[in-house]
Amino acid sequence: MINSQIPFNKLPLIDFRLAELSDATLSYANDAVRALDFLNGFLSGYDDELLADYSNNLLYTELKNSLELEGFPVSLQRIFEAENSENALQDELLSGIIEYHSKVLQIRQLHLDAIKPSGFRQLTKNADQFRERREHSIKSYFTNLTLYTAPVQSAVLQTLRQDLESYISNKNRLSSIIAGSIAHYQMRAMAPFNHFNGVCARTLHLQCLRVYGLDTISLPLSSEILQQKETYQALMRDAIQSGKLEAWHQFMTDVILAAAAKLPKQLKALSKLKKKLVEQIDKYTDYSMPSALAILVMKQPFIKVIDLVAALPCHRQTAATYLKHLVKMGILVEKQSGREKLYLNKELMDILSN
């Protein structure tokens with residue numbers, strides 16, 4: 001059924017979704033449970049002092065891919081440049097991403113208001129407001145045909161929002177790995193916000209996994225979904241039309257499995273690069289602090305003189321000399337951003353961009 005609105009009675013409240021869970025779905029989800037347990041074990045034994053910085057940077061990658069799924073492609077390099085540039089490149093989309101990234105990191109109690117896309121309010125009018133009677137649809141990526149139109153009745157939206165709010169604010173309800181999959185589906189199907197419902201739904205899924213016990217917020221869900229984005233859309237439509245979420249849960253379980261396998265590889269690549277930089281700086285310079293310099297240029301892709309002055313500490317001229325030397329060694333690339341100079345760790349950016 002294309003270009004049509006699914007009646008409200010095809011979009012049950014979450015209690016009905018929980019009642020629908022079959023033994024096959026729960027059994028299939030056990031694979032993802034084991035994968036996340038392994039990932040948590042890996043993270044708990046990971047001794048790289050930059051782990052928090054790696055996670056924060058990879059969250060930007062996740063948001064970048066999530067926005068691409070919404071039809072807002074943006075360069076990851078420009079995101080990091082905006083974060084480090086004094087003028088933030090004067091771009092509303094970049095400013096929204098940086099604000100939303102900060103908001104996601106600060107979520108302590110899970111509710112819809114915590115994940116609403118308020119950081120993008122300047123980009124799209126009323127983007128941070130809950131939807132009331134405004135039409136929202138999910139479209140095919142390939143044909144741009146509407147696959148599903150969300151409910152628009154105010155009373156229906158209010159009931160669905162209250163139901164989802166109650167569900168995600170109760171930690172006991174999120175004690176299953178399937179809980180995030182249900183929340184993800186229900187939020188996209190009801191579309192509570194005027195815009196960026198997909199980004200918020202994927203953020204919600206990550207937060208549900210954290211409540212469940214995942215030790216990181218940077219699981220690359222959107223990266224994996226992006227590779228199967230048409231299937232992602234079609235399964236939403238099929239589940240809404242049939243009322244059965246079995247295939248949807250299996251798809252999201254496969255996404256979690258792939259993402260849980262990918263994250264350790266990314267972290268190992270980042271640690272390997274840091275070790276390589278320490279060796280290069282130690283071998284080809286007379287600096288007495290190769291480890292400190294390597295850690296600084298690995299914290300985020302762009303660095304500037306003032307960052308070294310604050311961290312080492314040292315004089316501005318000394319910091320500038322260090323950075324220029326690293327440029328000559330090929331470790332950093334100098335870039336003019338407005339009136340200031342930034343220094344890009346291109347190998348770090350390549351890993352974050354995959």
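The values are calculated or read from the model by the stated rules, or taken from the named source; none is laboratory data. Being a predicted model, the structure only gives us computed values, none of them experimental. With ideal geometry, Cβ positions are generated from the backbone for all residues, glycine too; neighbour counts draw on all protein chains shown.
Counting only residues that are of a type in the set (V, I, T) and touching a strand residue (DSSP E or B) at 6+ places or on another chain (Cβ under 8 Å), how many does the stretch 264-318 have?
Of the residues in the stretch 264-318, 3 are of a type in the set (V, I, T) and touching a strand residue (DSSP E or B) at 6+ places or on another chain (Cβ under 8 Å).
Looking at (1) within 22 Å of Q109 (Cα to Cα); (2) in contact with an Asp or Glu (Cβ under 9 Å, 6 or more places away or on another chain), which is the only condition S154 fails?
(1)
Tell me yes or no: at least one residue of the stretch 118-133 is outside any loop (DSSP other than H, G, I, E, B) and at pLDDT 90 or above. Steps first, answer last, please.
First pass over the stretch 118-133, keeping only residues outside any loop (DSSP other than H, G, I, E, B): 118-120, 130.
Now drop any that are not at pLDDT 90 or above, which leaves none.
No, the stretch 118-133 contains no residue that is outside any loop (DSSP other than H, G, I, E, B) and at pLDDT 90 or above.
For residues that are aliphatic (A, V, I, L, M) and in contact (Cβ under 8 Å) with a residue 40 or more places away in the chain, scanning just the stretch 72-113, find the one that is surrounded by the fewest Cβ atoms within 10 Å (Cβ to Cβ). Even if it seems obvious, please write down each step before you answer.
Here is the first cut: in the stretch 72-113, the ones aliphatic (A, V, I, L, M) are 74, 76, 79, 82, 88-89, 93-94, 97-98, 104-105, 107, 110, 112.
Among the residues that remain, those that are also in contact (Cβ under 8 Å) with a residue 40 or more places away in the chain are: 76, 89, 104-105, 107, 110, 112.
On the way: L76: 19, L89: 16, V104: 18, L105: 12, I107: 16, L110: 20, L112: 18.
Top of the filtered list is L105.
Filter the stretch 335-354 down to the residues that are at pLDDT 90 or above and under 22 Å from Y54 (Cα atoms) and list them by number.
Selection gives L342, Y343, L344, N345, K346, E347, L348, M349, D350, I351, L352, S353.
Looking at Q233, is it more than 21 Å from D15 (Cα to Cα), assigned to a helix (DSSP H, G or I) and in the same structural domain as S181 (by TED's automatic domain parsing)?
yes
Could you tell me whether D286 is surrounded by 15 or more Cβ atoms within 10 Å (Cβ to Cβ) and of a type in the set (D, E)?
Criteria not met by D286.
Any idea which residue in the stretch 277-307 is farthest from Q77 (Cα to Cα), counting only those that are assigned to a helix (DSSP H, G or I) and among the hydroxyl-bearing types (S, T, Y)?
Kept after step one, since they are assigned to a helix (DSSP H, G or I), are these residues of the stretch 277-307: 277-284, 290-298, 305-307.
Subset that is among the hydroxyl-bearing types (S, T, Y): 284, 291.
Values: Y284: 28, S291: 25 Å.
The extreme case among them is Y284.
Of all residues in the stretch 164-181, which are in a loop (DSSP other than H, G, I, E, B) and surrounded by 16 or more Cβ atoms within 10 Å (Cβ to Cβ)?
Residues satisfying the conditions are S176, I177.
Quick check: anything in the stretch 195-216 farther than 21 Å from K64 by Cα and of a type in the set (K, R)?
no
Any idea which residue in the stretch 323-347 is surrounded by the most Cβ atoms within 10 Å (Cβ to Cβ), counting only those that are in contact with a helix residue (DSSP H, G or I) (Cβ under 6 Å, 6 or more places away or on another chain) and either part of a helix (DSSP H, G or I) or acidic (D, E) (or both)?
Restricting to residues being in contact with a helix residue (DSSP H, G or I) (Cβ under 6 Å, 6 or more places away or on another chain) and either part of a helix (DSSP H, G or I) or acidic (D, E) (or both), the top hit is E347.
Test S55 against the criterion of being free of Cβ contacts under 8 Å to residues at least 40 places away in the same chain and either out of contact with any helix residue (DSSP H, G or I) (no Cβ under 7 Å at 6 or more places or on another chain) or within 26 Å of Q153 (Cα to Cα) (or both), and give yes or no.
No.
Among A201, A258, which is the only one that is free of Cβ contacts under 8 Å to residues at least 24 places away in the same chain and assigned to a helix (DSSP H, G or I)? If you could, list the steps in order and put the result at the bottom.
Numbers: A258 fails: free of Cβ contacts under 8 Å to residues at least 24 places away in the same chain.
The unique qualifying residue is A201.
Can you tell me which condition L174 does not meet? The list is (1) out of contact with any Lys or Arg (no Cβ under 6 Å at 6 or more places or on another chain); (2) closer than 28 Å to G71 by Cβ, and all the others hold.
Among (1) out of contact with any Lys or Arg (no Cβ under 6 Å at 6 or more places or on another chain); (2) closer than 28 Å to G71 by Cβ, L174 violates only (2).
Of all residues being over 26 Å from the mean Cα position of the chain (by Cα) and not in a helix (DSSP H, G or I) in the stretch 144-163, which is surrounded by the fewest Cβ atoms within 10 Å (Cβ to Cβ)? Just the residue, please.
Per the stated criteria, the residue is L145.
Got a number for residues in the stretch 239-294 being among the basic types (K, R) and farther than 30 Å from L50 by Cβ?
Our first condition is that a residue be among the basic types (K, R); within the stretch 239-294, this holds for 244, 262, 265, 268, 272, 274-276, 283.
The next check asks that each one be farther than 30 Å from L50 by Cβ; those that pass are 244.
Number of matching residues: 1.
Could you check the stretch 120-135 and list, in sequence order, the residues that are surrounded by 18 or more Cβ atoms within 10 Å (Cβ to Cβ) and under 30 Å from S175 (Cβ atoms)?
Selection gives R131 alone.
Which one of K265, K299 is free of Cβ contacts under 8 Å to residues at least 12 places away in the same chain and either among the hydrophobic types (A, V, I, L, M, F, W, C) or within 26 Å of Q207 (Cα to Cα) (or both)?
The conditions single out K265.
For L206, are the conditions met, namely being closer than 24 Å to A114 by Cβ, of a type outside the set (V, I, T), touching a residue at least 24 places away in the same chain (Cβ under 8 Å) and part of a helix (DSSP H, G or I)?
yes
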